[in-house]
Amino acid sequence: MDSLLSDLRARVILAQASGKPVSIHGGGTKDFLGMKGTGTALDMSQYAGIVSYEPTELVVTARAGTTLVELESLLAENGQMLAFEPPHFGPGATLGGCIATGLSGPRRAAAGSARDFVLGVKLLDAHGRMLTFGGEVMKNVAGYDVSRILTGSLGMLGVMLEVSVKVLPRPERELTLRYAMLEAAAIERLAAWGAQPLPITASSWVAADGGGELRIRLSGSPSAVDSGRARLGGDVVPAAEADAWWQSLREQTLPFFAARPLWRVSVPPVTPPLALGDTVIEWNGGQRWVSTTQPAEAVRSAAAALGGHATLFRPESIDEARRVGVFHPLDPVVEGIHRRLKSEFDPQGIFNPGRMYSYL
């Protein structure tokens, strides 16, 4: 492992000296997100392995190339999980890619996002220096903000070497309920339930048979789940079918997700139906997946008018992504912060240039 690290350092130092960019890769399962990387590939998949794990401390530290399959299998053996339920999108998905993209799955609305669980990061900067931010416990806040900034940065600030994340116990019991209802009614129902002390840990609405189907997942102690079931009614989904459903939602294997272009629209949960195109709803109404042929400007304007933003999650083509951009345009003040961060961490612009925005 020392030789791998030495090689990574040498390649970064050479790139910095020559001004030639590198494109950071792990398992390649999320290469579709953002603009296509430029520069020489920097493969992190071999820099893998669990660094430390103490189940009683609810913290695991692993190298960036560690697969999510390996990590989640280890946690499951100890009755624990990555509570933000990160999507894999393939068997090669790595922890580094998980944190670099900052994606979260169905449990995000209840448990928090990937960023909320990152405790510390070891980073290889543009000068070949190994920097440590944060730690392995929540109370160690030195540099904690930097660790959070790196989450979702798409590798544009440096090469993540190790990540420490907080883990949580798996729920004692889970139960999925479903209801036949239209989109507007589902949004209203989710808003009402969200104001109550209910153990809802995932929700989804999809169009079905001219109407729609709302599903919710209850998680927690048997008594809490039973109480929620009694209050909410609905039809119980068999356990195997329920597990398959949330897995297919998390991994985007439902037929809906084959549509291109596919937009990820974030709006306030109580927002009425968007009327932009075919829609799947998650996160109690806060996340809307939209398949539409409407122009990018129309989608983004509609999201912004509602206090949200829109990401071209899966474009129809690379040319389309280049033409309209992938991520929602930033407010000038926020853009200035992004530029300064890039300048501080990567003054030569060698790490994943243009992957997020053309000017980064």
Qualifying residues in segment 283-332 (those that are of a type in the set (Val, Ile, Thr) and assigned to a helix (DSSP H, G or I)) - the one surrounded by the most Cβ atoms within 10 Å (Cβ to Cβ): VAL299
Residues satisfying the stated conditions in segment 244-273, i.e. farther than 14 Å from THR311 by Cβ and among the aliphatic types (A, V, I, L, M): ALA244, LEU249, LEU254, ALA258, ALA259, VAL270
Condition check for LEU175: part of a loop (DSSP other than H, G, I, E, B) and more than 14 Å from the chain's Cα centre (by Cα): no
Pair list, Cβ under 6 Å, 6 or more apart: segment 41-52 residue more than 15 Å from GLU70 (Cβ to Cβ) and in contact (Cβ under 8 Å) with a residue 12 or more places away in the chain, other residue outside any loop (DSSP other than H, G, I, E, B) and hydrophobic (A, V, I, L, M, F, W, C): LEU42/VAL22; LEU42/ILE24
Verdict on LEU360 being surrounded by 14 or more Cβ atoms within 10 Å (Cβ to Cβ) and touching a His at 6+ places or on another chain (Cβ under 8 Å): yes
Any chance THR56 is open to solvent by 70 Å² or more (accessible area, probe 1.4 Å) and modelled with pLDDT under 95: no
Members of segment 307-322 found to be over 13 Å from GLN287 (Cβ atoms) and either among the polar types (S, T, N, Q) or in contact (Cβ under 8 Å) with a residue 24 or more places away in the chain (or both), listed by number: GLY307, LEU312, ARG314, PRO315, GLU316, SER317, ILE318, GLU320, ALA321, ARG322
Complete set of residues in segment 228-247 that are surrounded by 15 or more Cβ atoms within 10 Å (Cβ to Cβ) and free of Cβ contacts under 8 Å to residues at least 12 places away in the same chain: GLN247
Filter result (in contact (Cβ under 8 Å) with a residue 40 or more places away in the chain, basic (Lys, Arg), open to solvent by 20 Å² or more (accessible area, probe 1.4 Å) and farther than 30 Å from GLY120 by Cα) within segment 163-219: ARG173, ARG178
Unmet requirement for ASP145, which otherwise passes all of (1) touching a strand residue (DSSP E or B) at 6+ places or on another chain (Cβ under 9 Å); (2) modelled with pLDDT of 95 or more: (2)
Filter result for SER73 (in contact with a Ser or Thr (Cβ under 7 Å, 6 or more places away or on another chain) and assigned by the TED database to the domain that holds ALA110): no
Residue in segment 70-83 that is in contact (Cβ under 8 Å) with a residue 24 or more places away in the chain, within 20 Å of GLN287 (Cβ to Cβ) and part of a loop (DSSP other than H, G, I, E, B) present: yes
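The values are calculated or read from the model by the stated rules, or taken from the named source; none is laboratory data. Small disclaimer: the values here were computed from a predicted structure and weren't measured. So basically every Cβ, Gly included, is an ideal-geometry build from the backbone, and we count neighbours across all protein chains shown. Ligands, DNA and RNA are excluded from the accessible area calculation, which covers all protein heavy atoms including side chains. Shrake-Rupley method; radii C 1.70, N 1.55, O 1.52, S 1.80 Å.
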